[in-house]
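Trainee: Just dropping this structure here.
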Amino acid sequence: MPMKPSASSQSLGQVSEVSEENWSWFPGRTRNTSKEEGPDITLHISSRDGGADTGAIFAAAAAEIPAGANPFKDEPLPPTKKLRNTLIWVALCVVIVVPAVVGPVYYFQVLLPREKAWKEANAPKPVPPLPPLVPLTEVFYDGFSSVSSVSWTPRVGNGLDKGWDFYGFGLSEKQCFTSDATSVAVIPDSAAPNNTVLRLQAVYYPTEITCMPNEAPFNSTKTSWTSGGLTSKSKRIFKAPLALAKGDASTGNCTSLVIEARIKFPAVLGTRGGLRLFPEPQDQPADAPRCEWKDDCGKYGKWPASGEIGIADHRDMSTSVSHGIQLREYGQHAWRVSETPLADTSLDWHVYKLEWNCDYLRWFVDGQKTFAVSRFDVSEWPFDQPFFLETTYNVGGQLVDPNVATINSQMLIDFIRVYPSNMAEPPTSDVVKTAGADIIVTSSNSKVANGTAPTGTVDTTAANTPAAVSPTNVTVAVLPAASSSNSSTSSKNSSQSN
């Protein structure tokens, strides 16, 4: 519709009428100079046809336009929208302002002290360094006239002292090792009355008993089997001699340490007997594999990083005996093991021998070489540290389940001796020589000379020997003497040198 400017309008040109056919207009704000109510409105008018007057701008004060008809008047917000906007601002304050203020206070006053307390409670307890190693034993002979607490400690328990993951010694074995005379004893050799042998025996209890009832944590489980074992850990330790004939360890001229044992293994399902060397516990370097139980780790860390040497190992009813090593190669568990068939099927007495050199390990059975491993055959050689001897008679676990024939089955050891290969005469009676000391005769062959044999008891006078199992209301059959084949019986007086 045509629009005429009022008398109060100001213009850049004289305009009497604005035609909508030639002009378009759009509103804008300017100051209302009139005394009447109403908003300030500016009308900007431009040419629609692009003629010569294009770009001319006209301004008119629309004081005549009623306030209610003004399309640009601010309308008041509905109450719901006001409430919504208020809630949005409150939420923004909660999300942004509150955390910015309360967060640091909560962290420093609550979270930080709590984290510090947790770290202190769970920080690894400082482990004192292990005591110095006992002197190396260079010459050793034990004919087992008794179980000496100076040289041996009975194995005890079921592995629970290392946690539930180690229950059954990591192999789910069924026996509880005890120092009871039914498990570990010295008995007469029936084939040689003047001779005595060590007996490690597996005993079956028809009614389950508590493993070491007075010793926690072993007493938290029950078992139907007990058995025996001995260890020389922290008492008699051995190491291949460092003295060389010439050159260094790479020349193959090292002096060997010889370890021999005369053993009779049983051929019984579900059993495992053996004589082994384990690394003597030592403080480990920082880069050694983490050791959960410091008193069980050798110089190079937890098993098998520090190595294990099997002198003789027998399982179930096999007519073979295995020997070899376990170690770590390229960060993985590795082993070198050989099986040696025995000529007899009854597993009679045999002499098992290990030659331990700074360059190699060699195994013999009755004087015949059966296996060898060189340090050049493996990527790592942890066998340059002290090791201790251990013999055990195990039941069940990863083996075939024991049966009735296992009841009171036994592993027998006639003697164990250790000596350097260049020794003129291997020892044949109870002697001990430690590094830097003179040879000591712990006992002569008086038990043979006197024609008497000790009773089947165990010397458990050592202060660190735990209490033994004392089963009640259980009848245990203990064999009075060891059986032996006449064709292979030998006295401890005779030399067993190979």
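Trainee: Could you look through segment 170-191, keep only residues that are surrounded by fewer than 19 Cβ atoms within 10 Å (Cβ to Cβ) and among the aliphatic types (A, V, I, L, M), and pick out the one that is farthest from the chain's Cα centre (by Cα)? Please lay out each step first, then the result.
Mentor: Going residue by residue through segment 170-191, those that are surrounded by fewer than 19 Cβ atoms within 10 Å (Cβ to Cβ) are 170-172, 190-191.
Remaining after also requiring among the aliphatic types (A, V, I, L, M): 171, 191.
Numbers: 171: 14, 191: 46 Å.
Per the criteria, the residue is 191.
Trainee: Residue check, residue 414 against (1) surrounded by fewer than 17 Cβ atoms within 10 Å (Cβ to Cβ); (2) assigned to a strand (DSSP E or B); (3) among the acidic types (Asp, Glu), all met but one. Which one?
Mentor: It is condition (1) that residue 414 fails.
Trainee: Of the residues 347, 399, 327, 389, which is among the hydrophobic types (A, V, I, L, M, F, W, C), at pLDDT 95 or above and either assigned to a strand (DSSP E or B) or more than 23 Å from residue 238 (Cα to Cα) (or both)?
Mentor: Working: 347 fails: at pLDDT 95 or above; 399 fails: at pLDDT 95 or above; 327 fails: at pLDDT 95 or above.
Result of the check over 347, 399, 327, 389: 389.
Trainee: Then there is this: Among (1) more than 23 Å from residue 280 (Cβ to Cβ); (2) buried (at least 21 other Cβ atoms within 10 Å of the Cβ), there is one condition residue 387 misses while meeting the rest; what is its number?
Mentor: Every condition holds for residue 387 apart from (1).
Trainee: Is segment 350-363 home to any residue that is touching a residue at least 12 places away in the same chain (Cβ under 8 Å), hydrophobic (A, V, I, L, M, F, W, C), surrounded by 15 or more Cβ atoms within 10 Å (Cβ to Cβ) and in contact with a Cys (Cβ under 8 Å, 6 or more places away or on another chain)?
Mentor: So far as segment 350-363 goes, yes, one or more of its residues are touching a residue at least 12 places away in the same chain (Cβ under 8 Å), hydrophobic (A, V, I, L, M, F, W, C), surrounded by 15 or more Cβ atoms within 10 Å (Cβ to Cβ) and in contact with a Cys (Cβ under 8 Å, 6 or more places away or on another chain).
Trainee: State which residue pairs qualify: first residue on the phi > 0 side of the Ramachandran plot and inside segment 313-335, second residue surrounded by 15 or more Cβ atoms within 10 Å (Cβ to Cβ) and part of a loop (DSSP other than H, G, I, E, B) in any location, beta carbons under 7 Å apart, and separation of 6 or more residues or different chains.
Mentor: 316/269; 316/270; 316/399; 316/400
Trainee: Given the condition at positive phi and either in contact with a helix residue (DSSP H, G or I) (Cβ under 7 Å, 6 or more places away or on another chain) or modelled with pLDDT of 85 or more (or both), answer yes or no: does some residue in segment 366-379 qualify?
Mentor: Of all residues in segment 366-379, those at positive phi come to 366-367.
Next, from what is left, pick out any that are either in contact with a helix residue (DSSP H, G or I) (Cβ under 7 Å, 6 or more places away or on another chain) or modelled with pLDDT of 85 or more (or both): 366-367.
Yes, that holds for at least one residue.
The values are calculated or read from the model by the stated rules, or taken from the named source; none is laboratory data. Note that the structure is predicted; figures quoted are calculated from it, not measured. Here Cβ is always computed from backbone atoms with ideal geometry, including for glycine, and neighbour counts include all displayed protein chains.
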